[in-house]
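I have placed the structure first, in the form of structure tokens, so that the comments after it can refer back to it.
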Amino acid sequence: MHPSSYLADFDAEKVIKILQLFIKEEVTKVGFKRVIIGLSGGIDSTVVAYLAVTALGPRRVLARILPYKTSSPESTKDAIEVSESLGIPHKCIDVTPLIDRYISKEEIDPKSREGRLRVGNLAARARMIVLYDHSQKYDAIVLGTSNKSELLMGYGTLYGDLGYGINPLGDLYKTQVYVIGRALGIADKILGKVPTADLWRGQTDEGELGFTYDFLDELLYNMVDLRMTKEDLIKMGYKAQTVEEVWERMRRNQFKRLFPIIPKLSARTIGKDFLYLRDWGT
Amino acid sequence: MKQTGGLRVAIAQTNPALGDLEQNKSKAIEVIRKAKKQGADLVVFPELALTGYFLKDLVPEVAVEALPKSFKELAGAASGMDILISFVERFHSEHYISAAYLMNSAAPEISSSRLAVGRRGSGEDEVEPRIIHLHRKVHLPNYGIFQDKRFFHSGEAVEAFDAPFGRAGILICEDAWFPTTTCALMLKDVDYLFILSSSPEQNVFEPELSNSSWWERILRVYAKLFGVYIIFVNRVGFEDGIAFSGSSRVVDPYGNVVLELLAYEEDFSVFTCDPKAIIRARETLPLKRDLKPHILLSELERRENAPK
């Protein structure tokens, strides 16, 4: 099947149905009452919020809008608007005070490249802290918002935005998330935004990845879903350097997708031969 | 067992809890009572309805022996109705994915003096439950998301049996994806084929290739080619984020889907089969009669005798 059909021309209603049933089952069967989501005002977290509301009803979906001082004020406004239009309980909590004292004590210079990355990761982890704290307080499971493109490229902060209980978008490429978003009736304003992690001003996903999602998703579909070799991909017309770069980036970030490695000493080791699903007993 | 009309079968499209025998037994009992109330002769559950599917190291912990005593609460709730139930079987220290036909009704032609004493309760056809047929899953998928072969011993045979309503056979999930195995079973003059499944959705983006579409095709083809009723019972719910697709179906001997349950959600329905439909369908299209098994035999013999 042609990648652009696969990525765009699928049964969005069926996907939405499965994701709604998934959210409902995963939340209730492990004993949680609600879900909690970090809303950024961007497409991914908005789609997750819509899915959760249609699965559980608005009262059981908690939104947390968690800006850092460098976050775009428009995004914060958009996130609040989404919460209000969905009728979900929401709170806006500035995470700046959680990390700025540490940043100045550590003398991190946010204007340097390294400093900017450190601050970005600190902010992402600060958000995780708030979400997990509120998860405990409100008996709510944390919903992730990382899509398949991001996960494959390692575009996320370990224990930051990659910290969550279940992740409904994890098997959808970014391009496919847009299709779902449209089918859910999400406003064009959100759908039309430039994707960004907003960890520093001017940051864009596509600027950082070096490709548009349209391009990247098609390449990833061929590489991952169809398991084409590097040679096949080059024959298809992709530049050898591009293929190499994306492949390497995928390989290098496998650690972000798996539980950390435990050296085997005993006859039965966690993660190797202690084999139970996460759903064990539910 | 009523002899007027055909088999009245209840389809229990359930969502088992992974590794929780007690919870699954309670769920099953609820459905059994419902089926009994709706006058079903038989209630059929999906593959591993008592245990859940992706068991891995849970296999030995949920295994039971294929004896009536393992299902006594279910039999009690059925009060005279038969049950087709799937579970992890322990037999001679090995584990199988098995399905048992638990007969709680009296065999119609046997005189009452030969029957075991009736149990407590008022049903006139309540007798000691007994397992009149056991099928062990022969084909264990071991690719992609499946690891059946790693945790289970495979069954060695397919057999038909005489159920109160007619001659029947049972296949479990992957078994039915092999025309060889299905054909072997059909050669034993089956009229009713029960296929119990835990079939997951894989590839929602290409509906032509989805499990659910392929099941529909396979069921319709088999039903038509062999002139049989097929009762396909598939589970629902999620394990490890994998959605089981449901869409349980009854297909008639003409190859028509005459009943279809919900996709992805728990469901329940009762269908009355028409034994005359089997006769009429085979009159119109006598493929089963014209099957030539000796062609297969010749090929198998050739393989046996070929130089290695």
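Counted residue by residue at 0.36 nm each, then reduced by the alpha carbon distance between them, the extension gain from B:Gln202 to B:Leu67 reaches 45.1 nm.
Think of the protein assembly as shown as having a plus end and a minus end, set by charges on the Cβ of Lys, Arg, Asp and Glu; of A:Val243, A:Ala79, B:Leu187, A:Ala79 sits farthest toward the positive end of this dipole. Relative contact order, whole percent, for the stretch A:1-131 stands at 21, derived from Cα pairs under 8 Å and 6 or more residues apart.
Its residue count N fixes a reference of 2.2 N^0.38 Å for the stretch B:176-218, and the Cα radius of gyration divided by that reference is 1.39. The convex hull defined by the C-alpha atoms of the stretch A:1-91 has an orientation-averaged projected area of 7.4 nm².
Panel note: the C-alpha atoms of the stretch B:1-76, placed on their principal axes, show extents of 47, 24, 18 Å (largest first). The order of A:Ser4, A:Ser266, B:Ser199, going from fewest to most other C-beta atoms within 10 Å of their C-beta, is A:Ser266, A:Ser4, B:Ser199.
In the stretch A:71-130, the C-alpha radius of gyration followed by the widest Cα-Cα span (Dmax) gives 14.1, 42 angstrom. Once Rh for chain B is found with the Kirkwood sum over Cα pairs, what is the Stokes-Einstein diffusion coefficient at 20 °C and 1.002 mPa s, in µm²/s? Answer, rounded: 108 µm²/s.
Other residues with beta-carbon under 14 Å from the beta-carbon of A:Asp273 carry, at +1 per Lys or Arg and -1 per Asp or Glu, a net charge of +4. Treating only the Cα positions of the stretch A:1-153 as identical point scatterers, give the base-10 log of I(q)/I(0) from the Debye formula at each q in 0.09, 0.10, 0.11, 0.13 Å⁻¹. The computed values of log10 I(q)/I(0) come out as -0.34, -0.42, -0.51, -0.68. Taking other C-beta atoms within 10 angstrom as a stand-in for reagent exposure, B:His153, A:His2 fall in the order A:His2, B:His153, fewest first.
Taking the Cα centre of the protein assembly as shown as reference, the dipole from Cβ charges on Lys and Arg (+1) and Asp and Glu (-1) amounts to some 780 debye. Projected label points at A:Asp139 and B:Thr284, each 7 Å from Cα along the beta carbon direction, are separated by 5.7 nanometres. Between the residues B:Ser213, B:Pro164, B:Pro141, the greatest Cα displacement towards the positive end of the dipole of chain B, with unit charges on the Cβ of Lys, Arg, Asp and Glu, is found for B:Pro164. Shape class for the stretch A:156-275, computed from the alpha carbon gyration tensor (a ≥ b ≥ c): oblate, with a/c not under 1.5 and a/b at or below b/c.
For the stretch A:67-190, the convex hull spanned by the alpha carbon atoms encloses 131 Å³ per residue. If we count every other residue with Cβ under 15 angstrom of A:Ile93's Cβ, Lys/Arg +1 and Asp/Glu -1, where does the sum land? Overall, the nearby charge balance is +3. When the alpha carbon coordinates of the stretch A:213-282 are projected onto the principal axes, the ranges are 48, 30, 19 Å, largest first. Note on the protein assembly as shown: Kirkwood radius taken over Cα pairs, Stokes-Einstein applied at 10 °C and 1.306 mPa s, translational D equal to 59 µm² s⁻¹. Annotation: peptides B:222-235, B:91-104, ranked by per-residue average of other Cβ atoms within 10 Å with the highest first, follow the order B:222-235, B:91-104.
In chain A, helices alone account for a calculated mean residue ellipticity at 222 nm of -15000 deg cm²/dmol, with every DSSP H run of four or more residues adding -39,500 (n - 2.57).
When the dipole is taken about the Cα centre of chain B, and only Lys, Arg (+1) and Asp, Glu (-1) are charged at their Cβ, what size is it in debye, to the nearest 20? Taking the Cα centre of chain B as origin, the dipole is about 700 debye. The alpha-carbon atoms of chain A, seen along their principal axes, cover 54, 52, 47 angstrom, with the largest extent given first.
The equivalent ellipsoid of the stretch B:155-306 has semi-axes of 27, 20, 14 Å, largest first, where each one is the square root of 5 times an eigenvalue of the Cα gyration tensor. Each of B:Val88, A:Val48 was scored by other Cβ atoms within 10 Å of its Cβ. Listed from fewest to most, they are B:Val88, A:Val48. The stretch between B:Lys56 and B:Lys25, if pulled fully straight at 0.36 nm per residue, gains 9.1 nm over its current Cα-Cα span. Net charge near B:Leu259: determine it from the other residues with C-beta under 10 Å of the C-beta of B:Leu259, scoring Lys and Arg +1 and Asp and Glu -1. So the environment of B:Leu259 carries a net charge of -1. Loop-located trypsin sites (Lys or Arg not before Pro) across the stretch A:137-234 with a Cβ neighbour count of 11 or fewer within 10 Å are A:Arg201, A:Arg227, with loop assigned by DSSP. In this structure, B:Ser269 and A:Ser85 have a Cβ-Cβ separation that, at R0 = 35 Å, corresponds to a calculated FRET efficiency of about 0.35.
Among complete DSSP H helices in chain A, those whose alpha-carbon atoms stretch at least 15 Å along the helix's long axis and whose mean Kyte-Doolittle hydropathy reaches 0.0 are A:12-29, A:43-56.
All of the numbers you see were taken from the coordinates with simple rules; none came from a lab. None of these values were measured; they are calculated from a predicted model. Cβ sites come from the backbone with ideal geometry, for glycine too, and all protein chains shown count toward neighbours.
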